[in-house]
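Only one structure is covered here, and it is reproduced in the block below.
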């Protein structure tokens, strides 16, 4: 292994190699951080919402008739929907997870206006909420049908009971074990008390990027206002055929309102994470293209470098180098240049990652990505130089004696 | 030591057949200093390439130290070149990015020699050609004559069976040419076989025996007479 | 001489088609990556209303919670919307040249044609000055006036699409539209109006389309139509009902004023300060006074309308271009070193170093130009790709349009990059000695 002489020769004619090393370094830095971003997005997208996504769809009923009787309409609608075959349950709520629109409020463990609160997402629902969303009650109990009231502009206070998500419970009462949080009281709107009657394992809020996305609270009330969001859960496999059926049924029951924005929970999730999915695709494309360009750059510069040294190759062959020896020489030379680039790239990648973490609040990369990227680039570099190196090994020894 | 018997080399292209060597025979004994002369196009470069195992030949037999090296594979040929032949080229063929030490080192690396032994041999041959003080200079920092001396050192480092020199003084002025020829004579005097290809009569006279080549054949005629005619 | 060099450059390119093609491709790909993202960045951070952006100011008052600032303790910013109380008081005072108070709402349009089903629209409830202030383009008719606001006239300005849907695109001024069981009279129809971003309300999504119809703020409030954007409240209100909501500290509407020149700005700011003082006296505005007047571009910067993802991609695209340029430098170097015989010869024949430099810089410029042209095409492809990738966002079609500025920028960037990449190889070319390489010819 002629590492010493190869290195000394490199040092004396650096330019082409510095260019390759720089390209590799920048490629490495981009590759590592792109992977970090991709991993982050994938992690975000993989978070379960807590509801039975496969079997839920939702739609909005917007009333426009001036004499629209909301309470009667909701009762009528829910009864009709719940009676349809294939429907597991339905509620009249305000939103579903990941919809990017909804209610949130600050709740605290003590009453008062100057108490620091914790933000939670609010889901208005009745006693069918747990079954409709498919939530897992891990402590306490569901609302009773008699608990259900109304909330809106005409209310003087919030409903007096609530079911919260595990994360909300842990944030509000960090030192209390979960089963003991049932029965505790929290305060909303500064002074309205809410007794925690139950805790569910998980229910995400409507905003995927909110840092309180895992903190939610269900309250037993119908929401006043002209828009109602019906959430319907079906038996497995029934969802797609039920959707137009429900829409039609609601249109038949009441024509003082329009039905709009009907969507499956799957699609709601896809829409919520649309930009993340797109970013991932873009990054994969950019990294692939970049690697291809760098590989081609290596092929180009290596070809040129080999062509420039034809006489040297012939001389080495004359001096006793076999073809594999010449091949190994150029592979080793490239390996050394790549290594410089890769190590520099690793440093650059970490620096870039630190900057990204600070500026865009990215999660720092997992350590193992860097060695994996290094190995990948080594392989790419070696594959790229193989062609020119093989051509070098085919240079006939007789080149050495050709006149200048 | 070296025996080429009825070597012929034919280059074939689509339409043309060129006979570079025809029934070329040569025997060289150990310790000889043989010059091979001829005008350009006579085939002496082809002879050189074949003698140095740089090219294969079409017909004939080539024996080195009793071993038939005619039809070896690439790996074995390379090994024979490395162990038995020391090349000296007209344009020196030193690697410009390597210093003197590393240049002389090249053939020893292909022999897989250990570092300590390499260092010892390199030191010895560089000393022998009188360039010990320039061991870490680059070729570009040396004169033509000095570069050729380095090439000679490189050729000697592996203790080859014979040196094969191709117009060793072709790119040198007369003063440097003289000193290089003196060095070669000295090396031959201490027992190393030398085969030198040249078109210059004055150089050829320094050798012990002269073979003249014309149209790919050995010219059978008094060596000196032919050499004078082509001088 | 430049023409001679261009000719030499073109000849050289033809003689080395593969190498030249690689160089052009490398530059084109790098440029297109940059220009694709730059285009999006450029549009996103562009001025949506250049001829008026200096005179339109967004108003902020800090009516928020004494215990916590509106941005959750971050930079102690005032809330990004105003309360009904404050907004109406400021509009009524009419201290600016013009002022507008508005909010996004939602309406159900009930077409008279029985065949057309009722449909929901995004609406904006606004005071009259909206249309002149934001230079809304009218196809037919005009906006309403102050009197209509004061008299709670049920008038409406339709967007082009809604007009198309209900009236087949005709001049519907004077005709009526039923919305939520109420009759409104059409006073104007807007032309296609593209505001990128929709600067007057960026509280939900900065790049949403302009609303589909507009009706008077006073009417909207009278009919108890709530906002369909963000409604944020820090203080509970004691009573129930719509009036209680109106009198609460909830922020849910946007206030803009029109001021020309520094004097008017100062005067208005003084007025805001005085107003807040007077409100403090009656027990409101518990936080220290923190009034803001930001013109359009200042407000856009404050609200950071350019998405984070776009900025990350921009950084990546620039690095991508750097890699492509490093590639180009290498290829140029290889090309020049291969031509060292030619250079030696020219030097021997009397070309000065400058001449060699100029020759190869011009050649690089030619390559850059070709790369730029190809880059325009690739950028167009890139933008189509972005359009497909982000197709869920309807506004993306606004972001992926290339205007002449971007096209020229692409070519300029390509040429500059090529010239920059050529500097080192060309400098190496100049250092080739006149006779050094002659033997190798």
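The values are calculated or read from the model by the stated rules, or taken from the named source; none is laboratory data. None of these values were measured; they are calculated from a predicted model. Cβ atoms come from the backbone with ideal geometry, glycine included; neighbour counts cover every protein chain shown.
Would you confirm, using the coordinates I've provided, whether residue A:98 is assigned to a loop (DSSP other than H, G, I, E, B), touching a helix residue (DSSP H, G or I) at 6+ places or on another chain (Cβ under 8 Å), modelled with pLDDT of 95 or more and within 14 Å of chain C (Cβ to nearest Cβ)?
When the stated conditions are applied, residue A:98 passes them.
Determine, yes or no, whether residue A:214 is away from every other protein chain (no Cβ under 14 Å) and surrounded by fewer than 20 Cβ atoms within 10 Å (Cβ to Cβ).
Criteria not met by residue A:214.
How many residues, within the stretch C:33-66, are farther than 17 Å from residue C:201 by Cβ and outside any loop (DSSP other than H, G, I, E, B)?
The qualifying residues number 11.
Sort out which residues of the stretch B:9-53 are touching a residue at least 24 places away in the same chain (Cβ under 8 Å) and part of a loop (DSSP other than H, G, I, E, B), and write them in order of number.
B:29, B:30, B:31, B:32, B:38, B:39, B:40, B:42, B:43, B:52, B:53
Collect the residues in the stretch A:261-280 that are more than 8 Å from chain C (Cβ to nearest Cβ) and under 17 Å from residue C:308 (Cα atoms), keeping them in residue-number order.
A:272, A:273, A:276, A:277, A:280
Being surrounded by fewer than 18 Cβ atoms within 10 Å (Cβ to Cβ), closer than 27 Å to residue A:104 by Cα and away from chain A (no Cβ under 13 Å), is that true of even one residue in the stretch C:249-257?
no
If residue B:156 meets every condition in (1) buried (at least 16 other Cβ atoms within 10 Å of the Cβ); (2) over 15 Å from residue B:94 (Cβ atoms) apart from one, which number is that one?
Status for residue B:156: all satisfied but (2).
Listed residues C:372, C:365; which is buried (at least 16 other Cβ atoms within 10 Å of the Cβ) and within 30 Å of residue C:194 (Cα to Cα)?
The conditions single out C:372.
Of everything in the stretch B:56-82 that's in a helix (DSSP H, G or I) and in contact with a helix residue (DSSP H, G or I) (Cβ under 9 Å, 6 or more places away or on another chain), which residue is farthest from the other protein chains (Cβ to nearest Cβ)?
B:77
Looking at the structure I just gave you, is residue B:197 closer than 26 Å to residue B:81 by Cβ, part of a strand (DSSP E or B) and out of contact with any helix residue (DSSP H, G or I) (no Cβ under 7 Å at 6 or more places or on another chain)?
Judged against the criteria, residue B:197 is not a match.
Rundown of residues vs (1) within 13 Å of another protein chain (Cβ to nearest Cβ); (2) farther than 29 Å from residue A:305 by Cα; (3) within 40 Å of the chain's Cα centre (by Cα); (4) not in a helix (DSSP H, G or I), yes/no style:
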residue	(1), (2), (3), (4)
C:327	yes, no, yes, no
C:376	no, yes, yes, no
C:385	yes, yes, yes, no
C:394	yes, yes, yes, yes
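Conditions tested, residue by residue: (1) more than 14 Å from chain B (Cβ to nearest Cβ); (2) part of a helix (DSSP H, G or I); (3) surrounded by fewer than 19 Cβ atoms within 10 Å (Cβ to Cβ); (4) in contact (Cβ under 8 Å) with a residue 24 or more places away in the chain.
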{"site": "A:282", "(1), (2), (3), (4)": "yes, yes, no, no"}
{"site": "A:286", "(1), (2), (3), (4)": "yes, yes, no, yes"}
{"site": "A:290", "(1), (2), (3), (4)": "yes, yes, no, yes"}
{"site": "A:301", "(1), (2), (3), (4)": "yes, yes, no, yes"}
{"site": "A:304", "(1), (2), (3), (4)": "yes, yes, no, yes"}
{"site": "A:338", "(1), (2), (3), (4)": "yes, yes, no, yes"}
{"site": "A:341", "(1), (2), (3), (4)": "yes, yes, no, yes"}
{"site": "A:354", "(1), (2), (3), (4)": "yes, yes, yes, no"}
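Give the residues of the stretch C:219-234 that are within 9 Å of chain A (Cβ to nearest Cβ), farther than 16 Å from residue C:203 by Cβ and in contact with a strand residue (DSSP E or B) (Cβ under 7 Å, 6 or more places away or on another chain), sorted by residue number.
Answer for the stretch C:219-234, where residues must be within 9 Å of chain A (Cβ to nearest Cβ), farther than 16 Å from residue C:203 by Cβ and in contact with a strand residue (DSSP E or B) (Cβ under 7 Å, 6 or more places away or on another chain): just C:225.
Any residue that is part of a helix (DSSP H, G or I), within 26 Å of residue C:319 (Cα to Cα), more than 16 Å from the chain's Cα centre (by Cα) and in the same structural domain as residue A:349 (by TED's automatic domain parsing) - is there at least one of those in the stretch A:33-42?
Checked against the condition, which is being part of a helix (DSSP H, G or I), within 26 Å of residue C:319 (Cα to Cα), more than 16 Å from the chain's Cα centre (by Cα) and in the same structural domain as residue A:349 (by TED's automatic domain parsing), the stretch A:33-42 yields no hits at all.
In the stretch B:119-133, how many are within 27 Å of residue B:83 (Cβ to Cβ) and surrounded by fewer than 18 Cβ atoms within 10 Å (Cβ to Cβ)?
The qualifying residues number 7.
Only residues that are surrounded by fewer than 14 Cβ atoms within 10 Å (Cβ to Cβ) and over 19 Å from residue B:90 (Cβ atoms): list them for the stretch B:172-204, please.
Passing the criteria: B:186, B:189, B:190, B:191.
If residue B:5 passes every condition in (1) part of a loop (DSSP other than H, G, I, E, B); (2) touching a residue at least 24 places away in the same chain (Cβ under 8 Å) but one, which one does it miss?
The failed condition is (1).
Do we find that residue B:99 is more than 27 Å from residue B:19 (Cα to Cα), at pLDDT 90 or above and either buried (at least 22 other Cβ atoms within 10 Å of the Cβ) or more than 13 Å from chain A (Cβ to nearest Cβ) (or both) in this structure?
When the stated conditions are applied, residue B:99 passes them.
Quick one: which residue in C:66, C:48 is touching a residue at least 40 places away in the same chain (Cβ under 8 Å), away from chain A (no Cβ under 13 Å) and out of contact with any strand residue (DSSP E or B) (no Cβ under 9 Å at 6 or more places or on another chain)?
Unique residue meeting the criteria: C:48.
Please state which of the following conditions residue A:325 fails to meet, knowing it meets all the rest: (1) within 14 Å of chain C (Cβ to nearest Cβ); (2) buried (at least 17 other Cβ atoms within 10 Å of the Cβ); (3) part of a helix (DSSP H, G or I).
(1)
Identify the single condition in (1) closer than 22 Å to residue A:326 by Cα; (2) outside any loop (DSSP other than H, G, I, E, B); (3) more than 8 Å from chain A (Cβ to nearest Cβ); (4) in contact with a helix residue (DSSP H, G or I) (Cβ under 7 Å, 6 or more places away or on another chain) that residue B:106 does not satisfy, given that it satisfies every other one.
Tallying (1) closer than 22 Å to residue A:326 by Cα; (2) outside any loop (DSSP other than H, G, I, E, B); (3) more than 8 Å from chain A (Cβ to nearest Cβ); (4) in contact with a helix residue (DSSP H, G or I) (Cβ under 7 Å, 6 or more places away or on another chain), residue B:106 fails exactly one: (3).
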